[in-house]
Each structure stands twice: as C-alpha cells, then as structure tokens.
Amino acid sequence: MPSDAVWWLWLIPAGVLLALLARVIVLRQQAGHWKIAAFDVCRDLLAGSLLYGLLAPPVGLCVVLLVSMLAHGEFHPAALLMGALLSWVGGLLPALACGALAGIARPWLPRWPGTLACVLLGAALGAVWFIGLGWSSGSLRSSVVPALSGAIGALAVSLYHLRHN
C-alpha cells in the first residue's frame, strides 16, 4: 500500500462532518435551538449509516457476483454466501459514508434525483476507497467491480431510504 495514496482518504469523513455541520447551521433557525437541530441531524446520520452500512455491501456485491456467474453459465451458492459475508471487509466504510451523507441530505433529496445521487455517490466512494487503499491498480477496469457493487447497493437501499421523499 503506497503511503502517499492514503492521505486523501481522510477527505471522506471530513466531507461527512462538513455536511453534518452545514445541516445543523441551516436547520438551527427552524428548530429553534442548535441542540435540537444537532439531535435531528445525528439521528438521520445514524439511521442512514446503519441502513446503508448493513445492507448495501452484501446486496451490491451479491448482485455483481450473480450477474457474473450467470454470464459465464455457472452458479455457485457458496460463492454468493462468501461474497455476502466478506462484502463488509471492503465495502463497510464507503457504505457508511454514503449512508451518512444520504441521511444528512435526506430532507432535501427528492425520491428519484436523490436515488440517482446516492447511486453515483456509492459508485464513486466504492471505487475511490479501493483505489486509495491500493487494492486496485487505479485503472478504470480494476475499479469497475467496487463501483458497480457500490452503485447497486446504494440503489437498492436508497429506494427504501428515500421512499417517502
């Protein structure tokens, strides 16, 4: 793992914290007090993070694995089970960041544009995370699986998460 490639991964949690502060500042006037706004924002952040963190990695990777298996004319249920269990190793932190940002921005995300934004964010975070950790060579071809699994997982979860927007 190259040491100079990892420093910019700190921008992901920094972006989440900046989004959290921005929403608290914006909602402070509506809520009447900053503590009420901070509680509401943290509740939405935790709900989004848990939902995306628990469901998006296994759903995304299992769909990618299933399509790949069917394209090659094979089906291995054990590979799907292992993919679901091991998906959190590489996909948990990008999914938590995507869920946190989706939870923070949920009041302003309409259903379909918000779902598209979550899909693009999930794909970008999945690819950036793998490239940043050195698990991928940095080329577009080696980032396709993390980007696809991030996008598919974010699509499945954001359809539920943004269902009432």
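The values are calculated or read from the model by the stated rules, or taken from the named source; none is laboratory data. Just so it is clear, the model here is predicted, and its values are computed rather than measured. Here the Cβ is made from the backbone with ideal geometry for all residues, glycine too, and neighbour counts use every protein chain on show. Just so you know, the surface numbers come from the protein's heavy atoms only, side chains and all, with ligands and any DNA or RNA stripped out. Shrake-Rupley method; radii C 1.70, N 1.55, O 1.52, S 1.80 Å.
Data overview
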| item | result |
| --- | --- |
| Over the chain, relative contact order from alpha-carbon pairs under 8 Å, at least 6 apart, % | 31 |
| Segment ARG163-VAL67, length gained on full extension (0.36 nm per residue, minus Cα span) | 31.9 nm |
| Added length on full extension, which subtracts the Cα-Cα distance from 0.36 nm per residue, LEU54 to LEU18 | 10.6 nm |
| Protein accessible area in segment 108-165, 1.4 Å probe - carbon and sulfur % | 74 |
| Computed E for LEU46/GLU74 - FRET, C-beta separation, R0 45 angstrom, nearest 0.05 | 0.70 |
| Estimated FRET transfer efficiency when R0 is 22 angstrom, pair TRP88-LEU116 (beta carbons, to 0.05) | 0.30 |
| ³J(HN,Hα) computed for each position of segment 158-165 - Karplus, 6.51 cos²θ - 1.76 cosθ + 1.60, integer Hz, glycine/proline x | 5, 4, 7, 4, 9, 5, 9, 7 |
| From the C-alpha gyration tensor of the chain, square roots of 5λ in Å | 31, 19, 12 |
| DSSP-assigned coil residues among chymotrypsin sites (Phe, Trp or Tyr not before Pro) in segment 97-165, each with at most 15 further Cβ atoms within 10 Å | TRP135 |
| 10 Å binning of all Cα-Cα separations within segment 3-94, expressed as whole percents from 0 upward | 15, 29, 25, 20, 9, 3 |
| Accessible solvent surface per residue of the chain, calculated while the other protein chains remain in place, 1.4 angstrom probe, Å² | 57 |
| Long-range tail of P(r) for segment 71-145 (Cα pairs > 22 Å, %) | 39 |
| Contact order normalised by residue count of segment 78-165, Cα under 8 Å, 6+ apart, percent | 37 |
